[in-house]
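The values are calculated or read from the model by the stated rules, or taken from the named source; none is laboratory data. Treat the numbers as computed from the prediction; the structure is a model and nothing was measured. Note that each Cβ is placed from the backbone with ideal geometry, even for glycine, and that neighbours are counted across all protein chains shown. Keep in mind that these areas ignore ligands, DNA and RNA; they rest on the heavy atoms of the full protein, side chains included. Shrake-Rupley method; radii C 1.70, N 1.55, O 1.52, S 1.80 Å.
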Amino acid sequence: MNWLSIFIYDTTWSFAAEIAIRTVIMFSLVILFLRFTGKRGVRQLTIFELTIILSLGSIAGDPMFTEDLPVIQAVLIMSIVLLLYRLCTWLASKHKAFELLLEGKPTYIVENGLLVLEDVKKGRMSHDEFFTEMRKQGIRHLGQVHMGLLETDGEFSVLLFPDDETQYGLPVFPKEFQPAQFIEFGHRYACMHCGYVDRISDLNSPCKRCHHNTVGWARALNNKIVN
């Protein structure tokens, strides 16, 4: 194996210097491009913005080391992409239907302490991913959550119940999100599939809301949010 060929091949000192200059130019152009797209371009990315960034990476990367690809071509392509970005954002601000087509719409994950199963499937979000987002915001169980939305940029927004309206709900921490082994009299249990809370007499009872009887029931909590 020729290690010299793998790492150096036909690279000359003059071409190495040219690569350095090209890299500085393209790096500066990328920063300038993102500056022109506005602050939205550096937040959590929507699908549309991610497409722009991926395109930008391809446009900017090749001229850094491809000898027969002049920088001016990359500048031209980046300018066109920037104009397309501006056009799409303008159309999205003027036409709601175009905005929905471009970026989608927020997905309800929780309503009144219960999982919105249809939208959970639509958002392709697993229980683990959802519960992780809940735990990051200091939430212990779904009974604390009035509404939870998965935003178009992938962020999770939560509206909590006031303390005096906190309900019994499905726990979201791993040690508490476990199937109950026996029924304790006077306690409420939450369906581990949809979050429905009920007083049950049999752990094999099907959930009245989602009709599952194989996932299990976890002991429901009604703790208030700890500030």
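Residues in region 172-197 that are open to solvent by less than 30 Å² (accessible area, probe 1.4 Å) and not aliphatic (A, V, I, L, M): TYR189, CYS191, CYS194, GLY195. Name the residues in region 56-75 that are within 24 Å of the chain's Cα centre (by Cα) and loosely packed, with under 13 Cβ neighbours inside 10 Å, would you? Hits for region 56-75 are GLY57, SER58.
Pull up region 99-108, narrow it to residues that are touching a helix residue (DSSP H, G or I) at 6+ places or on another chain (Cβ under 6 Å) and modelled with pLDDT of 80 or more, then point me to the one that is most open to solvent (accessible area, probe 1.4 Å). Here the answer is TYR108.
Hey, can you tell me all the residues within region 76-98 that are open to solvent by 40 Å² or more (accessible area, probe 1.4 Å), of a type outside the set (Gly, Ala, Ser) and either closer than 30 Å to ALA60 by Cα or assigned to a strand (DSSP E or B) (or both)? Reasoning before the result, please.
Quick first cut of region 76-98, residues open to solvent by 40 Å² or more (accessible area, probe 1.4 Å) only: 76-77, 79-80, 83-84, 86-87, 89-91, 93-98.
This time we only want the ones that are of a type outside the set (Gly, Ala, Ser), so: 76-77, 80, 83-84, 86-87, 89-91, 94-96, 98.
LEU76, ILE77, ILE80, LEU83, LEU84, ARG86, LEU87, THR89, TRP90, LEU91, PHE98, listed by residue number.
Here ARG209 passes the criteria (1) touching a residue at least 40 places away in the same chain (Cβ under 8 Å); (2) open to solvent by 40 Å² or more (accessible area, probe 1.4 Å); (3) at positive phi except the one numbered (3).
Taken together, the residues in region 184-204 that are of a type in the set (S, T, N, Q) and either modelled with pLDDT of 90 or more or in contact with a Lys or Arg (Cβ under 9 Å, 6 or more places away or on another chain) (or both) amount to 0.
Do you know which residues across region 135-151 are surrounded by fewer than 19 Cβ atoms within 10 Å (Cβ to Cβ) and either in contact with a Gly (Cβ under 8 Å, 6 or more places away or on another chain) or part of a loop (DSSP other than H, G, I, E, B) (or both)? Let's see the steps before the verdict.
Keep residues of region 135-151 that are surrounded by fewer than 19 Cβ atoms within 10 Å (Cβ to Cβ), which gives 135-138, 146-147, 151.
Listed by number, the residues that qualify are GLN137, GLY138, HIS146, GLU151.
Applying the criterion of being touching a strand residue (DSSP E or B) at 6+ places or on another chain (Cβ under 9 Å) and farther than 17 Å from GLN167 by Cβ to the residues of region 214-227, the residue that is least open to solvent (accessible area, probe 1.4 Å) is GLY216.
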